Amino acid sequence: MKKTLSILILLMMLSFLFAQEEESTEAIQDSLAVADTDSTIVIAEPVKELTEEEKLCKEVAEEFAKIGDEWDVTRDYNILLPRITGYAEDFFNSGKNPNIVLKEELEKVKTAISSLMNSGISETLENFLESNLIWIEKELSGENENPALAGHLSKDNQDKIKVIDDLIRLEGSENENIKEYGSDLQSAYKIVKRYTIDFDAMLDHVYAEVTRVSDKRVNFLYIEDDVQEKLKMSSKRLGDYVRGNKEKYLEEIDQDIDKAYQAKKQAEEEGDKEKIDKYHSQWLAAKAITIDNIYLSEITRLLGVVNKYRISKGLYDINAELISKLINKDPKFEEYFRNLLEIKFSQDVGSASKKYFRFDVDTGFRTYRTNVLIFTLLFFILFFYVFLSVRKNKDSIFIRRIPGLDAIDEAVGRATEMGKPIIYDSGLGGFTDPQTIASMLILRSVAKKVAEFKAEIIYPAYDPIVLQVAEEMIASGFLDAGYPEDHKKDNCFFLVQDQFAYAAGLSGLIARKKPATALHFGAYAAESLLISEAGFAAGAIQVAGTVAAAQLPFFITACDYTLIGEELYAAAAYLSRDAQILSNLKLSDYGKLVFGGLFVIATILLTINPEWTFIKDLLSTH
């Protein structure tokens with residue numbers, strides 16, 4: 001019996017093992033089938049081999065990324081955190097919390113809209129209010145577009161509210177109910193708008209702080225020396241690549257010129273005037289392209305390719321999300337802000353590389369600007385020749401007498417006879433402004449005449465530095481006349497360095513002193529009419545001069561005599577007889593003759609044949 005049972009158990013075990021073997025064999029076959037099936041689905045496409053340019057740009061992108069990764073933003077973080085926190089707290093903690101106030105105002109808006117809906121409004125206004133009501137419901141339910149500020153108005157919503165205001169104003173003129181409820185709505189909207197404007201201003205301050213610190217790190221070279229060296233090396237590699245393609249670029253330039261020229265010739269054969277003008281312009285534009293233009297475009301293009309291979313840490317920006325994390329003390333704020341600073345620094349480093357890249361590409365002598373060198377040398381030769389000639393014969397050089405200068409003598413004599421002062425002002429120009437320099441030379445001559453006639457001159461200054469120069473000019477004028485002791489230093493004083501405050505102060509001075517003469521020579525803007533009108537009202541003889549074309553009509557209308565444009569410089573040269581000023585005057589005359597002659601020659605040549613562009617090419621600095 002035992003033997004029989006043992007045989008049965010042995011047979012059962014053998015059958016179980018065979019069953020397991022068959023099952024495992026089927027499983028293996030099934031798995032192979034699945035593997036074969038999967039392998040047909042996930043067959044990897046052949047990896048695209050990068051070009052030489054793409055390899056270079058990818059390597060440079062990796063170098064830029066490494067610079068960014070190695071930069072420790074802890075210092076910037078510690079500097080900026082209290083600053084941006086201060087801006088945010090000033091906004092959210094000044095009085096009642098803006099989010100609470102705005103939710104209350106949005107409830108008022110909602111109530112006013114519900115009332116307006118039943119007030120006989122137009123369908124257009126109803127549609128706008130319904131659209132706005134959907135937005136209000138979202139804001140009140142916490143589905144804020146701006147996570148930091150409930151009721152923050154986007155540009156789209158601001159435009160809608162403006163339309164709603166206009167429609168309420170229009171329809172309210174005929175319906176008192178619309179006017180009443182519309183007034184409540186507009187009042188609530190006004191508060192919402194104010195908080196939106198204040199929030200955006202706060203965000204602008206935060207952005208300005210972050211940008212300023214980041215710019216210091218990069219633009220003001222607070223970055224470490226080894227960072228600069230890495231940027232220079234990366235830029236040099238890009239620069240070598242660009243310069244290595246110089247022959248190809250030159251060939252492309254020639255091809256573009258030839259292509260445009262052939263298209264123009266074909267258009268001429270067809271007799272199509274519109275196409276002729278179009279292709280002629282294209283041909284001229286193609287001829288103006290130089291290797292430097294190509295280099296600049298290549299610099300921009302290659303940096304774009306580099307940026308394509310740069311990997312960003314994500315979307316981090318100076319926005320409402322940043323402020324929300326800050327005011328809510330979100331534990332992820334520090335990580336968010338640090339990542340933002342790293343990305344900002346990385347972007348600025350990339351921008352700084354363009355400077356090194358361009359300097360590396362633009363090295364060497366620019367042969368296409370040889371014309372500038374030649375014209376500059378010719379100008380200096382002419383200048384020194386004229387200067388030396390003028391210096392030897394400055395007393396005999398003829399300058400046309402300007403009628404306004406005769407009026408100065410008359411005006412000074414009138415002031416002497418009436419026993420009233422002369423007020424002289426030189427406008428708003430700084431001490432480096434050519435108009436102010438010319439005015440100071442005229443002032444010296446006027447001061448000499450004032451001293452000779454025993455009159456009094458008052459000089460109210462706009463610029464404190466010009467005041468010092470004016471004091472010396474007046475003192476020199478009195479000294480030239482032989483009466484240095486008559487100069488009253490207190491008559492030269494600083495008024496105010498603000499345009500309209502100066503105009504008001506000078507007008508008040510003229511009204512109080514009631515001078516016999518008012519002289520206005522220098523750089524003027526919108527205050528010119530105010531000053532000259534005050535002189536006219538005081539009954540003073542007025543002589544004015546400025547190069548500002550927009551102000552000349554006011555001076556011509558309100559003053560007795562006006563030096564128009566460069567007559568101001570001619571007057572300074574005539575009165576001072578200074579060799580430098582006389583030389584500038586003569587050079588400007590020669591320049592007019594030269595360019596006038598070139599204009600006439602070019603006009604004649606282009607009239608004969610419009611394809612003769614060699615004068616334009618000669619003068620071109622592209």
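List of remarks:
- Checklist (1) in contact with a helix residue (DSSP H, G or I) (Cβ under 7 Å, 6 or more places away or on another chain); (2) closer than 30 Å to residue 80 by Cα; (3) aliphatic (A, V, I, L, M) applied to residue 320, failing item: (1)
Yes or no, residue by residue, for (1) part of a helix (DSSP H, G or I); (2) more than 30 Å from residue 91 (Cα to Cα):
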{"position": "303", "(1), (2)": "yes, yes"}
{"position": "318", "(1), (2)": "no, no"}
{"position": "325", "(1), (2)": "yes, no"}
{"position": "331", "(1), (2)": "no, no"}
{"position": "335", "(1), (2)": "yes, no"}
{"position": "347", "(1), (2)": "yes, no"}
{"position": "351", "(1), (2)": "yes, yes"}
{"position": "357", "(1), (2)": "yes, yes"}
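- Residue list for the stretch 500-545, restricted to those being more than 14 Å from residue 429 (Cα to Cα), assigned to a strand (DSSP E or B) and out of contact with any Leu (no Cβ under 6 Å at 6 or more places or on another chain): 517, 518, 519, 541, 542, 544
- Taking residues in the stretch 475-496 that are in contact (Cβ under 8 Å) with a residue 40 or more places away in the chain, and partners anywhere that are among the hydroxyl-bearing types (Ser, Thr, Tyr) and assigned to a helix (DSSP H, G or I), not one pair has Cβ atoms closer than 8 Å while being at least 6 places apart or on different chains.
Let's see how each residue does on (1) modelled with pLDDT of 90 or more; (2) among the small types (Gly, Ala, Ser); (3) farther than 19 Å from residue 210 by Cβ:
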site	(1), (2), (3)
54	no, no, yes
65	no, yes, yes
68	no, yes, no
73	no, no, no
83	yes, no, no
86	yes, yes, no
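- In the stretch 326-348, the residues that are at pLDDT 90 or above reach residues that are among the polar types (S, T, N, Q) with C-beta atoms within less than 7 angstrom, at least six apart or across chains, in these pairs: 326/85.
- Against the numbered list (1) more than 18 Å from residue 166 (Cα to Cα); (2) surrounded by 12 or more Cβ atoms within 10 Å (Cβ to Cβ), residue 131 comes up short only at (1).
- Positions within the stretch 255-271 being among the charged types (D, E, K, R) and within 23 Å of residue 291 (Cα to Cα), in sequence order: 256, 258, 259
- Matching option when the condition is β-branched (Val, Ile, Thr), in a helix (DSSP H, G or I) and closer than 16 Å to residue 610 by Cα, among 276, 299, 294: 276
- Yes/no for residue 151 being loosely packed, with under 13 Cβ neighbours inside 10 Å and of a type in the set (Gly, Ala, Ser): no
- Scanning the stretch 413-433 for residues that are closer than 22 Å to residue 469 by Cα, surrounded by 15 or more Cβ atoms within 10 Å (Cβ to Cβ) and of a type outside the set (Ser, Thr, Tyr) yields 421, 422, 423, 425, 427, 428, 429, 431, 433.
- Which listed residue, of 568, 582, 563, 593, is buried (at least 21 other Cβ atoms within 10 Å of the Cβ) and more than 36 Å from the chain's Cα centre (by Cα): 582
- Residue in the stretch 562-570 that is within 20 Å of residue 398 (Cβ to Cβ), in a helix (DSSP H, G or I) and among the acidic types (Asp, Glu) present: yes
- Candidate set from the stretch 419-437 (those that are polar (S, T, N, Q) and in contact with a strand residue (DSSP E or B) (Cβ under 9 Å, 6 or more places away or on another chain)); member that is farthest from residue 513 (Cα to Cα): 435
- Single unsatisfied condition, residue 144 versus (1) assigned to a loop (DSSP other than H, G, I, E, B); (2) under 28 Å from the mean Cα position of the chain (by Cα); (3) without any contact (Cβ under 8 Å) to a residue 24 or more places away in the chain: (2)
- Remark: residue 195 matches the filter, which requires a residue to be out of contact with any Ser or Thr (no Cβ under 6 Å at 6 or more places or on another chain), within 30 Å of residue 323 (Cβ to Cβ), of a type outside the set (A, V, I, L, M) and modelled with pLDDT of 90 or more.
Here is a yes/no grid of residues against (1) of a type outside the set (Ser, Thr, Tyr); (2) surrounded by 15 or more Cβ atoms within 10 Å (Cβ to Cβ); (3) at pLDDT below 95; (4) farther than 23 Å from residue 572 by Cα:
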site: 456; (1), (2), (3), (4): yes, yes, yes, no
site: 495; (1), (2), (3), (4): yes, yes, yes, yes
site: 517; (1), (2), (3), (4): no, yes, yes, no
site: 522; (1), (2), (3), (4): yes, yes, yes, no
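The values are calculated or read from the model by the stated rules, or taken from the named source; none is laboratory data. These numbers come from a predicted model, not from an experiment. Note that we place each Cβ from the backbone using ideal geometry, even for glycine, and neighbour counts take in every protein chain shown.
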